[in-house]
Amino acid sequence: MIMFGNDSGLDTHAPFILDIHDNIDNELYIIVSLSTLGEKDSNLSDVVENKVLLDMLKESSPIEIDNNNIFEIIFEKYIIYQTLNESYCLHDEYEIGQGKYFVEIQRSHLLDQLEIFAPVCTADEDGEYYPYKPRHFRIISQNHILEVISDKQPIIRKVAK
């Protein structure tokens, strides 16, 4: 089972985000698949002409969707979510969080700037938040980085065996 902030035991490559959608009630639904290594392709010479590249690829295996490990992640409430192309993202030393691919982040630029996007999400003089203290979750996948600001851990259930 996957869990935000505690997925270091996943012995796979980054997962795939298969679908993202929200609904009229501001619930966010994400379908993810864990990854698996595919078979090495012995027919690469038919499509790869560069000898150096061909030699490298002969020893590699493709990373593929694991159809036996597909999960639905549901955020029942969210403040904001954004999807980024992972090719344009870098690790930021400023950010502090736990997890490998399913990360819960305690300090981030997105949390720092949240009051710009959602002005009611600020702490009052007593350090209390309205309507709740925001929490930052991130999925680092093969092709996307998904950021979600919500109030609690999402519901996660396996949808494929």
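Restrict the check to the range 52-70 and report whether at least one residue is surrounded by fewer than 16 Cβ atoms within 10 Å (Cβ to Cβ) and under 30 Å from residue 134 (Cβ atoms). No, the range 52-70 contains no residue that is surrounded by fewer than 16 Cβ atoms within 10 Å (Cβ to Cβ) and under 30 Å from residue 134 (Cβ atoms). Residue by residue through the range 71-100, note down the ones that are in a strand (DSSP E or B) and either aliphatic (A, V, I, L, M) or in contact with a Phe, Trp or Tyr (Cβ under 7 Å, 6 or more places away or on another chain) (or both). Selection gives 72, 73, 74, 79, 80, 84, 96. Looking for whichever is in a loop (DSSP other than H, G, I, E, B) and of a type in the set (A, V, I, L, M) here; the options are 52, 120, 32, 103. Which one fits? Of the residues listed, the single one that is in a loop (DSSP other than H, G, I, E, B) and of a type in the set (A, V, I, L, M) is 120.
Results for (1) more than 17 Å from residue 154 (Cβ to Cβ); (2) surrounded by 11 or more Cβ atoms within 10 Å (Cβ to Cβ), shown as yes or no for each residue.
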{"residue": "40", "(1), (2)": "yes, yes"}
{"residue": "43", "(1), (2)": "yes, no"}
{"residue": "81", "(1), (2)": "no, yes"}
{"residue": "105", "(1), (2)": "no, yes"}
{"residue": "115", "(1), (2)": "yes, yes"}
{"residue": "120", "(1), (2)": "yes, no"}
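Of the residues making up the range 58-99, just one is charged (D, E, K, R) and without any contact (Cβ under 8 Å) to a residue 12 or more places away in the chain, namely 93. Just to be sure, is residue 138 surrounded by fewer than 16 Cβ atoms within 10 Å (Cβ to Cβ), touching a strand residue (DSSP E or B) at 6+ places or on another chain (Cβ under 8 Å), part of a strand (DSSP E or B) and among the basic types (Lys, Arg)? In short, no.
All of the numbers you see were taken from the coordinates with simple rules; none came from a lab. These numbers were taken from a predicted model, which means no experiment stands behind them. For neighbour counting, all protein chains shown are included, and Cβ atoms are generated from backbone atoms with ideal geometry for every residue, glycine included.
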